[in-house]
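What follows is a single structure, written as structure tokens, with notes after it.
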Amino acid sequence: AQDAQTAIAKPLPPELWGAYAYYNTLGIQLRTQNKIKEAVDAFQKAIDLNPNRPAPYLNMAMALFDRQQYTAANEVFLEAVKHGLPNGNQWFCDFAALYRQRNMTTWAINLLQKGREIYPQSYLIAANLGSALAQADRYSEGVPELERALGLQPSSTLALNNLGIL
């Protein structure tokens with residue numbers, strides 16, 4: 001843990017910062033051109049240069065998702081969270097929404113359950129998990145999760161609406 005704290009505290013030298021930013025930006029451009037393999041390679045170079053920044057992990061996770069490499073995408077997404085991804089609980093919900101859009105509800109549920117472990121007080125994750133469980137006809141798990149979300153955020157229209165639909 002001490003080495004990890006030292007690595008985070010030590011700023012990236014300016015000559016490496018430019019290369020890091022170049023490869024991360026290049027990866028984004030390649031992904032928009034649907035050159036996914038090349039994008040993943042560029043994000044990996046950015047990670048190699050600056051392994052403590054969450055952005056290239058998130059970008060790589062999205063590219064791996066595009067390639068339908070879902071297990072790898074989830075692993076890299078969790079690395080982004082581990083490296084301090086801002087608003088991580090929202091990102092869990094957004095990433096799970098990608099699975100739900102592809103009718104991959106079980107993948108969404110598994111990811112949101114991992115999010116619940118990391119952010120146990122997130123009503124947003126609880127509400128989305130409850131909704132995904134209900135979508136999978138797992139009402140006996142979904143309703144209590146939605147009720148838990150409501151307990152965490154009593155004014156949550158997301159949880160209230162989902163409970164009302166059920």
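The values are calculated or read from the model by the stated rules, or taken from the named source; none is laboratory data. Keep in mind the model is a prediction, meaning the values are calculated, not measured. Cβ atoms come from the backbone with ideal geometry, glycine included; neighbour counts cover every protein chain shown. These area figures cover heavy atoms from the full protein model, side chains too; ligands, DNA and RNA do not enter into them. Shrake-Rupley method; radii C 1.70, N 1.55, O 1.52, S 1.80 Å.
Observations, loosely collected:
- Positive minus negative residues near Ile28 (Lys, Arg vs Asp, Glu; Cβ under 15 Å): +2
- The simple Förster model, with R0 at 25 Å and r as the Cβ-Cβ distance, assigns Gln101 and Gln33 a FRET efficiency of 0.70.
- Along its principal axes, region 94-142 has C-alpha extents of 26, 24, 13 angstrom, given from the largest down.
- CD proxy at 222 nm, helix term only [per DSSP H run n ≥ 4: -39500 (n - 2.57); per residue of the chain; nearest 500]: -25000 deg cm²/dmol
- The gain in end-to-end length when the Arg67 to Thr25 segment is fully stretched comes to 13.2 nm, 0.36 nm per residue minus the alpha carbon separation.
- Degrees between helix 14-32 axis and first principal axis of the chain (Cα, 0 to 90, nearest 10): 50 degrees
- Charge-dipole axis of region 10-115 as Lys and Arg at +1 and Asp and Glu at -1 on Cβ define it, positive-most pick from Thr106, Asn24, Met62: Thr106
- Taking the C-alpha atoms only, the angle from helix 88-101 to the longest principal axis of the chain is near 70 degrees.
- Top positive-direction residue, dipole computed over the chain with Cβ charges, set Gly84, Leu124, Phe43: Phe43
- Where the chain is the region considered: accessible area per residue in Å², 1.4 Å probe: 55 Å²
- Tally of Lys pairs whose C-alpha atoms are under 20 Å apart, taken over region 30-129, 8 or more apart or cross-chain: 4
- Between the helical axis of 55-66 and the longest alpha-carbon principal axis of the chain there is an angle of about 70 degrees.
- Within the accessible surface of region 89-166, defined with a 1.4 Å probe on protein heavy atoms only, the carbon and sulfur portion equals 51 percent.
- Region 22-166: radius of gyration over Cα atoms, expressed as a fraction of 2.2 N^0.38 Å: 1.12
- Of every Cα-Cα pair in region 81-166, the percent that sits beyond 18 Å: 35 percent
- When only the Cβ of Lys, Arg, Asp and Glu is charged (+1, +1, -1, -1), the dipole of the chain relative to its Cα centre reaches about 200 debye.
- Coarse-grained scattering of region 34-90 at q = 0.18, 0.22, 0.25, 0.27 Å⁻¹, given as base-10 log I(q)/I(0) from a Debye sum over alpha-carbon atoms: -0.52, -0.77, -0.95, -1.07
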